[in-house]
Every structure is written in C-alpha cells, then in structure tokens.
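Just so it is clear, none of the values below were taken in a lab; they were calculated from the coordinates. From a predicted model like this one, the values you see are computed outputs, not experimental measurements. Positions of Cβ are generated from backbone atoms using ideal geometry, with glycine treated the same way; all protein chains shown enter the neighbour counts.
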Amino acid sequence: MNMLRVWPIVCEFGIGALLCIVGIWCGLRGGYLDLKVAEDRRLLVTFIAGYVFMLALVCVFTFLAPFWATGESS
Amino acid sequence: MIAQAIGGNLDYAVMLGYFVAVLGFGLYFGRYTTTTKDFFFGGQRFSWWLIAFSCVATVVGSYSFIKYSAAGFRYGICSTQSYLNDWFWMPILVLIWLPIIYYNRITSVPEYLEKRFDKKTRVAATLIILFYIIGYIGINLITLGRTLETLLGWEVMTGAVITAVAVALYVYIGGQTAVIMTDLVQGFILLIAGLGLFGAAIYHFGGFGNFWSLLPQDHKFAFSDFNGPPKFSFIGIYVQDGLANTGALMLMHQGFILRFLSLKSVKDSRRMVVCWVLVLAPLAAIATSCGGWIAKALVNNGELVTEPGDSFVKAAHFLCAPGVFGFVLAALTAALMSTADSLINAVSAIFVNDIWKPYVRPASSDKHYLRVARIMSLVAAGLGLALVPIFMKDTIYGAHSMFTAAVTPPVLMAILLGITWKRYSPAAAFATIVGGAILIFLSFIWPDALVGPFDFGMGPDSYKFMRALFGLLAAGTLGVSVTWLTKAKPESELKGLIAGSQMDAMRRFKGGEPNRRPGGKARLKVKIERDLAEENTVIVPQSALETMAAEPGDLLYASHIRWWYGGLRSVHVKAGPPCDCADCELMRIRPEDAATAHFSDGQQVVVEKIM
C-alpha cells in the first residue's frame, strides 16, 4: 500500500474528528445539545453520518476508482 | 491565456441578457430594504434552503471555475479537496459559533471580540478583517477581468470595472435581501451550467467509463500525495484551505456571518448546513473542477489543445452549442457577482458597525446609518478595484492561496480559542491577533527561517500554502503562552459568549426561559388591529398555541403560506395571551408588524414557534 496516499486520509479525518469532537463536546456542555430531545439526537446522527459518508467517498476514490479503467488493484 | 476572443454574438447576447436580468432582479428587492437590519441581515427571516443555495453561490467565486479547473487539468480530481473540508467545521459552527452570535444579536466579528475581550482587540480585528474582505473582492474582480479578456479581448481592468459597478449598484439599493435573492438564482445557474457541462462531456465520450479511461491514473485520486507536488500537495492544500480558509469562512468571514444571521432561526441553520455542505458543496466541487478534467480527457483524445488556465473556457467552448456556451459564461459571471455582492455588503456592515457607529457618529438615526452603509457599498467596490493591479502579478490560484494563508490565521485562532476556552484572556487575544500578524509579515522577509521548518521537505514552492500552518501555530502558541501569564475575564462577564453558556445566550435573546418542546405549525388568518397593547406581539387562539406547543411570551414566526417565498414575507413576533374565541383561527397583529411582513387583512399565514 502506498502510504503517501494513506497519510492524507489519516490527517484529514484525524484532525477532522478532533474538530468534530470539540464542537459536539462544547454543545453537550451546558445542555445546548440535549440528547433527550429527538431533534438534537438526529443532529448528532447527521454529524456522524456526514463524517462516515465523506470518509467512504474518499476511500473509494483512493483505493478503488483509480484502478477501475486499468484493472489494477491498490 | 489565449489571446483572441472566442465565442459568438449569440453567446455574448445570452451573457449580456443574464447580466441585465440579475441586475434588475437585485434592484427589484430594494423595496424590501428600509432599515439597516434589512440592509445587513435581510430582516432575519429567510428559510434554510434559500440561505443554503446563496451560501454555495457565495463560496463559488468566479475564480473557482478558473482556479479549480486549472488544478483539475494539472492534478485531476483532487482539485475537489477544497470543497470537501467543510464538514469537519460543522459542529463548531452549528453548536458553538452560530448560537453565540445569533442569540447575542452580534452584528460583526469585531463586535464579538470586544464583548468577549476588549476594545483594542476589536480594533485590531476590524483592520485585518477589512483587509481580508477587500482583498477577496479584488481577487474576484481580477478573475472576471481576465476571463473577459480571454473572451472579448477587453483589458482586464475594463471587465473588472463594469462588473464592480453592476454589483455595487444592486447591493447599494437592495442590500442583503438583494444579495440573497440574486445569489439564489446564481447558485442554481452555476450548478446547472457546471453539472450540465459535465453531463455533456460524458455524453460526448460515450459514457463515464470512456471518460474515466482517458484520464491519466494519477489524476484519479481523491487527494494528492501527502507532500508533493509542492504547489499542490495534500498537506499544503489542507492547511491553507481545509484549516485556515475554511475556518475563516465559517468563523470570521463577515459575508457568511451576515448570511447566517439572515436565517429565521438558529434551528434552521442545522438544515441549511447539511444541505449546503453535504449536498450542494460536493456538487459545486464537480461543477467548478470538471472543466479541467474534461479538457484533460479531450487533450488525451487528441481533440483539444489548451493550457491549464484556459481549460474551463476551452472545454465549455468545445462542447457547447452557440448560445449554450453563453449560458456557461453567464454562470461564470454569476459566480463572480454572487461572491462579490456578499463581500461588498460585508465591508459595508463592518464599516458601519465597527467604525462609523462607535467612533464617528454614535447615536444617530437608523436612516443615517443606512445611508452610510449604502455609500460604503460603493466605496468597497472601488477599493476592491484598486487591488486588481496588485493581484495581476501572480496566478489566480497563487494569489488566492497566498492571500488567505497570510491574512486569516491570527483572527481565526483568536475566535477559536475565544469561544472554546474561558481561561483565554483579553491580553492573549490581542497578542494572538497583532503578534500573529507581525510574525506572518516577518515570514515574508525570512521565509526559509520561519516557514521552512514547516514545509515537509517541499521547499520554497510550498511556502505560500505552508505559511498558513506557520501562522496558525505561531498565533496559537502566542495566545496560549500569554494566557498563562495574564488574568482571564471573570466568568460572570463571559455568560453567553463562550461554549457551555449557549443556553444563557438563548435566555438573553428571548428574555426568559426558552421553550424547547417540539411543536407543529398553525395556519391562521391575519387580522390587523390598531389597538393591540404591546408592540411586536400577536394574539392567537389557545388551539394554535397548543398545536405549536407554545406559551404566552414565546417567540413565534409568521410567514406567507407559499413556502417558496423562503421567508421573504414574514415576521418575528411574541405570543400574547390567547384570545377568548377558542377556534376563531385568527392571528391579531399590529399594522406595523403586518407591514414589515407584507401581510394584508384576511390573508392566510403559517405560524410556528421559534423558542
């Protein structure tokens, strides 16, 4: 595996996770993000789903899509 | 860039027609602007979908099509990286920053910095933010000037002047409402044009597989290599765009602050953000970059000869029929106008709220401030034009990257530490902004000594990107160090201004305990009554209050029943005590409030609880 292609994902989604955690933790502190409220729970799920969606998209265009036309594999 | 003009008369007619239509559209909305609140915040009444589209239009500047297509031609699909960084900032934006600025009725970033820290921090931030926004206007104007030079053979400055005059004119008359409404149209146009071009290319090549196989393999990766090539490495783009530029767009860009504050409620910001960042931004990434990918495929197929900087225009010209090419050019114009208008409005807001109001003419009438705001819109366009000759010395990508990497880190770091860390002191914030700016300035004099250690072995070619990392670390280190040596503000003065105290800000906004019980919408008939006791208060039946899960004193939002107005005809009011008739289905409202919302007697409206 070409680590020069892997480090960008680790960096982007690692620092990204830190930023997300800071935001969510600051929302939970003081009760502004109240997980007893259905709407707030949906928001939290959306944040996580968005993160996973972006990660999946980037993985497809790093480990699969570049090799589609040539038949090679990563 | 190519020298001769391309495109036919029909194309230019379509482009000119679009230009005039947008101008007229913007001027039409001047009638909704009668106060500074309308001029800067569009009356704080718009729906999430309208703001989401207008945000995309603002993010996509005219430089985007040229810059990202050029990057797409050179490096492939990793040119979309800039649009895929935004999601990670969303929790900070939606859960911390937006509630703080919205509920504290903060009109500008410098105003927040004065409340959170002190006056001198506000002054320092005002100067840097003004410089940042005016520079952004200059970059947008030069891009369109260069495109018109390519298309029509005009001088760069001529194209920039014509566009600046048109945009300044509709901002002058219509303010934020004109900006939002024209940006809605322009957001649609630029997405349709960009994605339409991509669709046309796939059709031309006989399917996605054929198009994909025409791209070199190193063009098919989501990211560049971690530290190469120096002018487009992953780490360079990430620190400059993913951290400094995206952070600045979310937290310190006055144009976006005004747009967020135009929403009818903070709750709407959640939907707006999901629609903007998760749906529209990826589409915009394809729309702006695809010109370069298509041009590369056409070149590899032996059908086109082009340079990276011309790839968007040449690919569009190759694929589009006469007239349709004009539509694509109109999208390019749309991208410019929709970014420049927000920036011009933002400069005007900062000048009025942070310079004119506190220092030059305090306690004047709102009419006076509105007049100053309008004049300042024209001045802002003029200042942006003055910067065009300076940016002409670099490539557009280079100028944009260098500028954002150098200007944004100190203020961004001060805001980020300010909202998340209560110990962060006023002296530290001032040191972060001023000391950070000085260190970044010094990095232009001694780049090898200051930026060199952060270049990940890429050398001087990467400095214009890696300067962002140096700036963030230098400003952050200064801020943290000075904090430990100085005294923080008492916690009682920080209520509602830092993370963890958003509920205090909500209480302050409402003037009471927020009602967060989930409720529905009630459909009522307007009854205008002159003798209602309290200003900005409506009387609705008990049944409507129950539907909305609202109580007397709660904040309500009444809007036209047609959703596609997007809040243009709406008003925020307080619920008064319920009326005696349990099922009369009337909303009694004072004439002043009805006039604000453009409601007439007997009209049906939708009412919902805000908090």
Within the protein assembly as shown, percent of DSSP bridges classed antiparallel, to nearest 5: 70 percent
Among B:313, B:607, B:60, B:305, which comes first, second and so on when ranked by fewest other beta-carbon atoms within 10 Å? B:305, B:607, B:313, B:60
Write down the percent of antiparallel bridges among all DSSP beta bridges whose residues are both part of chain B, to the nearest 5. 70 percent
Any idea what log10 I(q)/I(0) is at q = 0.11, 0.15, 0.17, 0.22 Å⁻¹ for segment B:498-611, Debye with uniform C-alpha scatterers and no solvent? -0.34, -0.61, -0.78, -1.22
Under 5 Å, built H, 5+ apart or other chain: amide partners of residue B:586: B:525
Along segment B:429-443, Karplus-curve 3J(HN,Hα) (6.51, -1.76, 1.60; θ = phi - 60°) to the nearest Hz, with x for Gly and Pro, reads 5, 5, 5, 4, 6, 6, x, x, 5, 5, 4, 5, 4, 5, 5
Return the loop-located GluC sites (Glu not before Pro) in chain A (DSSP other than H, G, I, E, B) with at most 14 other Cβ atoms within 10 Å of their own Cβ; answer none if there are none. A:72
Can I get the semi-axes of chain B's equivalent ellipsoid? Compute them from the C-alpha gyration tensor as square roots of 5 times the eigenvalues, in angstrom, largest first. 41, 31, 22
Counting Lys and Arg as +1 and Asp and Glu as -1, each charge on the Cβ, what is the dipole of chain B about the Cα centre in debye, to the nearest 20? 1060 debye
What residues have an amide H closer than 5 Å to that of residue B:225, excluding those fewer than 5 places away on the same chain, when H is modeled at 1.01 Å from N in the peptide plane? B:234
Can you give the alpha-carbon Rg of the protein assembly as shown over 2.2 N^0.38 Å, where N counts its residues? 0.96
What is the average number of partner chain Cβ atoms found within 10 Å of a Cβ in A:28-35? 5
Once the cut-off is 14 Å, how many percent of the Cα-Cα pairs in segment A:12-67 end up in the long-distance tail? 63 percent
Per-residue ³J(HN,Hα) for segment B:327-343, Karplus 6.51 cos²θ - 1.76 cosθ + 1.60, θ = phi - 60°, Hz, x for Gly and Pro: 5, 5, 5, 4, 5, 5, 5, 4, 4, 5, 4, 6, 8, 5, 5, 5, 5
What ranking of B:375, B:180, B:134 emerges when the number of other C-beta atoms within 10 Å of each C-beta is taken as an exposure proxy, fewest first? B:375, B:134, B:180
Longer than 26 Å from Cα to Cα, which of B:220/B:314; B:115/B:267; B:120/B:267; B:231/B:314 are they? Say none if no pair is. B:120/B:267
Show me the trypsin sites (Lys or Arg not before Pro) within chain A that DSSP assigns to loop and that have at most 13 other Cβ atoms within 10 Å of their Cβ. A:36
Applying a 4.7 angstrom Cβ cut-off across chain B, unpaired cysteine residues come out as B:55, B:78, B:275, B:290, B:320, B:579
Taking the convex hull of the alpha-carbon atoms of segment B:371-483 and averaging its shadow over every direction gives an area in square nanometres of 9.2 nm²
So what is the orientation-averaged projected area of segment B:192-293, using the convex hull of its C-alpha atoms, in nm²? 8.3 nm²
CD proxy, 222 nm, chain A: helix-only mean residue ellipticity via -39,500 (n - 2.57) per DSSP H run with n ≥ 4, per residue, nearest 500, stands at -23000 deg cm²/dmol
Which whole-Hz couplings ³J(HN,Hα) result when phi for each residue of segment B:458-467 is put into the Karplus expression 6.51 cos²θ - 1.76 cosθ + 1.60, θ = phi - 60°, listed in order with x for Gly and Pro? 8, x, x, 4, 8, 4, 5, 8, 6, 4
